[in-house]
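The structure appears below as structure tokens.
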Amino acid sequence: MRIINIEETMAYKKKQKSTFQKVTMVVVVAMLLLIVFSSLAMALSAF
């Protein structure tokens with residue numbers, strides 16, 4: 001069994017964090033788009 005370097009582990013964790021941040025950003029953007037579209041639909045149906 002090979003001993004993993006601390007640096008490697010840190011880099012891996014950092015990479016995981018960055019991908020998690022990307023996913024969070026995508027989710028937030030999707031939520032905002034949904035809110036905008038729903039409000040637009042409500043405004044259009046009101047007219």
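What number of residues within segment 14-47 satisfy the criterion of being of a type in the set (Ser, Thr, Tyr) and more than 23 Å from the chain's Cα centre (by Cα)?
Counting residues in segment 14-47 that are of a type in the set (Ser, Thr, Tyr) and more than 23 Å from the chain's Cα centre (by Cα) gives 1.
Residue by residue, here is whether (1) at pLDDT 90 or above; (2) touching a Pro at 6+ places or on another chain (Cβ under 9 Å); (3) part of a helix (DSSP H, G or I) holds:
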| position | (1), (2), (3) |
| --- | --- |
| 1 | no, no, no |
| 9 | no, no, yes |
| 12 | no, no, yes |
| 18 | no, no, yes |
| 23 | yes, no, yes |
| 27 | yes, no, yes |
| 34 | yes, no, yes |
| 41 | yes, no, yes |
| 44 | yes, no, yes |
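The values are calculated or read from the model by the stated rules, or taken from the named source; none is laboratory data. Just so we're clear, the structure is a prediction, and the values are computed from it rather than from any experiment. Cβ sites come from the backbone with ideal geometry, for glycine too, and all protein chains shown count toward neighbours.
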